[in-house]
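Engineer: To start, I am sharing the structure in question, which I have written as structure tokens.
The values are calculated or read from the model by the stated rules, or taken from the named source; none is laboratory data. Bear in mind the structure is a predicted one, so any value in this text is a computation, not a measurement. Cβ: placed from backbone, ideal geometry, glycine included. Neighbour counts: every protein chain shown. For accessibility, only protein heavy atoms count, side chains too; no ligands or nucleic acids. Shrake-Rupley method; radii C 1.70, N 1.55, O 1.52, S 1.80 Å.
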Amino acid sequence: LGFGWIFSLSLLTLLPLSLFHGALFTFGCRVYHLLAGRDKTVGQTPQPSHSIGRVYAWEAIGTIFGGIIFTYVFIRWFNSFQTVFIIALLNLAVCLALLKLKGSPSRALKVLSAVFFAVFLWLVFGPGADNIHQFSINRQWENFKLLDYQNSIYGNVAVSQLDGQYSFFSNAVPVITAPYPDIAFVEEFGNIPLLFHPRPRDILIISAGAGGLINEILKHPVKNIDYLEIDPLILEMVRKYPTALTKKELSDQRVHIKYSDGRRFIKQTAESYDLVLIGVSEPSDLQKNRLFTEEFFSLAKKRLKNSGVLAFSLAGSLSYLSPQLRDVNKCILNSLKRIYPYVRVIPGDNNLFLASDCKGILKVTPQLLVKRINSRGLKTRLLSISYLEYRFDPRRLNWFLGTLKGATHKTNKDFRPLAVFKYGSYWNAQFSPYMGKILKALERVNLKILSVLVFILTGIIYFAYLSNRRFSRIGIPFCIFATGFFGMLINLILIFGFQIRYGYLYYQIGILLTAFMSGIALGSIVMTNRLRRIKKDWFVFLSLEFLIILLALIISLLIDNFTRPLFLVFCFAAGALVGSEFPLAGKMYLRAVDKLGARTGLLYSSDLIGGWLAGILGGMVFLPVLGVFNTCLVIAMLKFAGLIILVISRNNLIERG
């Protein structure tokens, strides 16, 4: 699916739940305020802003517990429908508790809630959830003979069988097929890079080794193969449904399986290798892209021995390269040439890239490859002299290099993952062509254009304020919008930066999210408890705005040097600033209790719209096209615009504060 379909289907799927979720916060603030006002143990009636702050804090605390329970309990022990029904039970229990309060609605609601509670109780602890889950899976995989279907913390793994052929899917994408693999790919990728090396002994495979690739490598006189997979469940499934091919690969004493993130392993290991093979063939997201950047190529270079070769493949074509696919190949080729003095490309349906410090790879010919095939006693179906001469035809290489002349001159870097955007454009050109113009326009986005847009937006609000003082009220929602934008995007940047430095460590990323939400909860609680003592609301709010701008600038400059504790500290600090600002905004924006619901809803929706915009544009456009540094500057500019708008209307705020 292209971005358009993904966006539309996600919106339609989540819309019913999201509408109620957003409404619950607004109603929750009002109900909490009314109930607190009736509580005789409270010394004085709480202000509306106190109710907003406390509900906001409770929501953050609920998110923390939800994330922890989902990660450590639900994923491991429950299927999707059991999880949904347990959440339904929890909400129904809350309904029953609320209905016991004085002044509750009619008895019919109590009976209805009790009936639903009993139904979901039966679904969870009876066969209902399992039956619905199985029905859903059968519908999803109705064209396959599904053998197994399990979740891990890294994703979903499914196994299907057809005519003796096993296919292993990770998140619905086939990653291993056995016992009959893609012969053309495994023979080329499993032999040609090794034939470029005069004496391959130690090999590192990053992902996709099982199912044929390791079998081809074992034909060579290798001594050691380190095979990395990040998700243990994939190989557990391969062992659970063995074939002669996979048994041979995984039981060979020369093969050492390591469950680790490839980036993290290659950074920490002290081992050296003759060849490093990257089994991931597409930089389709921020996680995979980390294996195709200048910085990763530099790390891999340090792990290569003399005459060592780095090899990977990218999508190509024998006849036509689209502009998007040209850019994907070119920006990664540019990055490779920045690190390695000698690079070879063998064009085809899969473009094979080989890089080394040794000039010898430039002298390899089809005749030399055949000589090494014979000397090593290799038995292959595809790699004959005629086929190799066809693949190494200089006219094909000249055509490929000539096609790339009009492509991008930029490189793919850790903190400016351009290949992600280029690959997304290539994908959408195939499946959502109508998105092409939008993506092409987004690719032209730069800091100057965004600066002008923010300046124009600030000017429009300023002139609207001059014409009608009521527009001063827009200042607070705009600042909360910018804070929601900051919270979502800075969280994404910190998680992305952590993955670059330390690898995709699911549980530790969960800790970063927990630190962010803990900051929101604590910031909201502390600010709510101090609201009565704050006299200069606007001055404190301005100070928070300054701190958010300062934090974004610090992260932009220093994130590449963050240690693990610093990632936690900055996640917590970002959350604390977001959590502190919302209750204070509620106090500044509210005038009367009867406006509690409407104005709380406006503030909350402003926060969510900012987060939504950052989520849509952050990973797809800002980080890949602008890079982390410029993205942080965009955050700072947007917050500074809010600061200006707040200062313009400060007299109005002082009167209301």
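Engineer: Within the group ALA315, ALA270, ALA311, which residue is more than 20 Å from PHE189 (Cβ to Cβ) and among the aliphatic types (A, V, I, L, M)?
Structural biologist: Sole residue among the options that is more than 20 Å from PHE189 (Cβ to Cβ) and among the aliphatic types (A, V, I, L, M): ALA270.
Engineer: Going residue by residue through segment 443-463, is there one that turns out to be assigned to a helix (DSSP H, G or I), within 17 Å of GLY586 (Cβ to Cβ) and either among the aromatic types (Phe, Trp, Tyr) or touching a Phe, Trp or Tyr at 6+ places or on another chain (Cβ under 8 Å) (or both)?
Structural biologist: No, segment 443-463 contains no residue that is assigned to a helix (DSSP H, G or I), within 17 Å of GLY586 (Cβ to Cβ) and either among the aromatic types (Phe, Trp, Tyr) or touching a Phe, Trp or Tyr at 6+ places or on another chain (Cβ under 8 Å) (or both).
Engineer: Is it the case that LYS410 is open to solvent by 80 Å² or more (accessible area, probe 1.4 Å), under 24 Å from the mean Cα position of the chain (by Cα) and among the charged types (D, E, K, R)?
Structural biologist: yes
Engineer: VAL94 fails exactly one of the following numbered conditions: (1) of a type in the set (Val, Ile, Thr); (2) modelled with pLDDT under 95; (3) more than 29 Å from the chain's Cα centre (by Cα); (4) closer than 30 Å to GLY377 by Cα. What is the number of that condition?
Structural biologist: With respect to (1) of a type in the set (Val, Ile, Thr); (2) modelled with pLDDT under 95; (3) more than 29 Å from the chain's Cα centre (by Cα); (4) closer than 30 Å to GLY377 by Cα, VAL94 is out only on (4).
Engineer: Oh, and also: So which residues in segment 106-144 are under 30 Å from TYR259 (Cα atoms) and either surrounded by fewer than 11 Cβ atoms within 10 Å (Cβ to Cβ) or among the aliphatic types (A, V, I, L, M) (or both)?
Structural biologist: Correct list: ILE137 only.
Engineer: In addition: Being outside any loop (DSSP other than H, G, I, E, B), under 28 Å from the mean Cα position of the chain (by Cα) and either at pLDDT 95 or above or closer than 23 Å to ASP349 by Cα (or both) narrows it down to one residue among VAL309, VAL276, VAL280; which is it?
Structural biologist: So the residue among VAL309, VAL276, VAL280 that is outside any loop (DSSP other than H, G, I, E, B), under 28 Å from the mean Cα position of the chain (by Cα) and either at pLDDT 95 or above or closer than 23 Å to ASP349 by Cα (or both) is VAL276.
Engineer: Only one of these is touching a strand residue (DSSP E or B) at 6+ places or on another chain (Cβ under 7 Å), part of a strand (DSSP E or B) and open to solvent by 10 Å² or more (accessible area, probe 1.4 Å): ILE257, ILE234, ILE225. Name it.
Structural biologist: Within the list ILE257, ILE234, ILE225, the selection yields ILE257.
Engineer: Enumerate the pairs (first residue in segment 86-99 and over 15 Å from LEU123 (Cα atoms); second residue anywhere and polar (S, T, N, Q) and open to solvent by less than 80 Å² (accessible area, probe 1.4 Å)) with beta-carbon separation below 8 Å, excluding pairs fewer than 6 apart on the same chain, so at least 6 apart or on different chains.
Structural biologist: CYS95/SER113; LEU96/SER113; LEU98/SER104; LEU99/SER113
Engineer: Please count how many residues of segment 237-254 are hydrophobic (A, V, I, L, M, F, W, C), touching a residue at least 60 places away in the same chain (Cβ under 8 Å) and surrounded by 15 or more Cβ atoms within 10 Å (Cβ to Cβ).
Structural biologist: Count: 3.
Engineer: When you go through GLU229, GLU187 one by one, which is the residue that is under 16 Å from SER281 (Cβ atoms), touching a residue at least 60 places away in the same chain (Cβ under 8 Å) and of a type in the set (D, E, K, R)?
Structural biologist: Exactly one of GLU229, GLU187 is under 16 Å from SER281 (Cβ atoms), touching a residue at least 60 places away in the same chain (Cβ under 8 Å) and of a type in the set (D, E, K, R), namely GLU187.
Engineer: Would you mention how many residues in segment 264-284 are farther than 20 Å from VAL222 by Cβ, in contact with a Phe, Trp or Tyr (Cβ under 9 Å, 6 or more places away or on another chain) and open to solvent by 10 Å² or more (accessible area, probe 1.4 Å)?
Structural biologist: 6
Engineer: Taking TYR154 as meeting all but one of (1) within 31 Å of the chain's Cα centre (by Cα); (2) over 30 Å from ALA270 (Cα atoms); (3) among the aromatic types (Phe, Trp, Tyr), write down the number of the exception.
Structural biologist: In the conditions (1) within 31 Å of the chain's Cα centre (by Cα); (2) over 30 Å from ALA270 (Cα atoms); (3) among the aromatic types (Phe, Trp, Tyr), TYR154 misses (2) alone.
Engineer: Additional query: Tell me, please, whether a residue that is surrounded by 13 or more Cβ atoms within 10 Å (Cβ to Cβ), among the β-branched types (Val, Ile, Thr) and touching a helix residue (DSSP H, G or I) at 6+ places or on another chain (Cβ under 6 Å) can be found in segment 360-375.
Structural biologist: The answer is yes; a qualifying residue exists.
Engineer: Hey, among the residues in segment 610-657 that are small (Gly, Ala, Ser), more than 30 Å from TYR423 (Cα to Cα) and assigned to a helix (DSSP H, G or I), which one's modelled with the lowest pLDDT?
Structural biologist: The extreme case among them is GLY642.
Engineer: Further question on the same structure: Can you tell me which residues in segment 524-535 are of a type outside the set (Val, Ile, Thr), under 11 Å from LEU584 (Cα atoms) and in contact with a Gly (Cβ under 9 Å, 6 or more places away or on another chain)?
Structural biologist: Correct list: SER524, MET527, ASN529, LEU531.
Engineer: Give segment 209-240 a look and list any residue that's under 19 Å from ASP182 (Cα atoms) and more than 27 Å from the chain's Cα centre (by Cα), or say none.
Structural biologist: If the condition is that a residue be under 19 Å from ASP182 (Cα atoms) and more than 27 Å from the chain's Cα centre (by Cα), then GLY211, GLY212, LEU213, ILE214, ASN215, GLU216, ILE217, LEU218, LYS219 are the ones that fit.
Engineer: Please pick out the residue among LEU531, LEU568, LEU558 that is in contact with a helix residue (DSSP H, G or I) (Cβ under 7 Å, 6 or more places away or on another chain) and either open to solvent by 20 Å² or more (accessible area, probe 1.4 Å) or among the polar types (S, T, N, Q) (or both).
Structural biologist: Unique residue meeting the criteria: LEU568.
Engineer: Criterion first (surrounded by fewer than 23 Cβ atoms within 10 Å (Cβ to Cβ) and under 21 Å from the mean Cα position of the chain (by Cα)) does LEU617 satisfy it?
Structural biologist: Answer is yes for this residue.
Engineer: When residues of segment 470-505 are filtered for being open to solvent by less than 50 Å² (accessible area, probe 1.4 Å) and either among the charged types (D, E, K, R) or more than 21 Å from SER580 (Cβ to Cβ) (or both), how many remain?
Structural biologist: Here the count works out to 11.
Engineer: What do you reckon, is TYR180 over 28 Å from the mean Cα position of the chain (by Cα), surrounded by 20 or more Cβ atoms within 10 Å (Cβ to Cβ) and among the hydroxyl-bearing types (Ser, Thr, Tyr)?
Structural biologist: No.
Engineer: For segment 318-367, which positions are in a helix (DSSP H, G or I) and without any contact (Cβ under 8 Å) to a residue 40 or more places away in the chain?
Structural biologist: LEU336, LYS337, LYS359, LEU362, LYS363, PRO366, GLN367 - these are the residues of segment 318-367 that are in a helix (DSSP H, G or I) and without any contact (Cβ under 8 Å) to a residue 40 or more places away in the chain.
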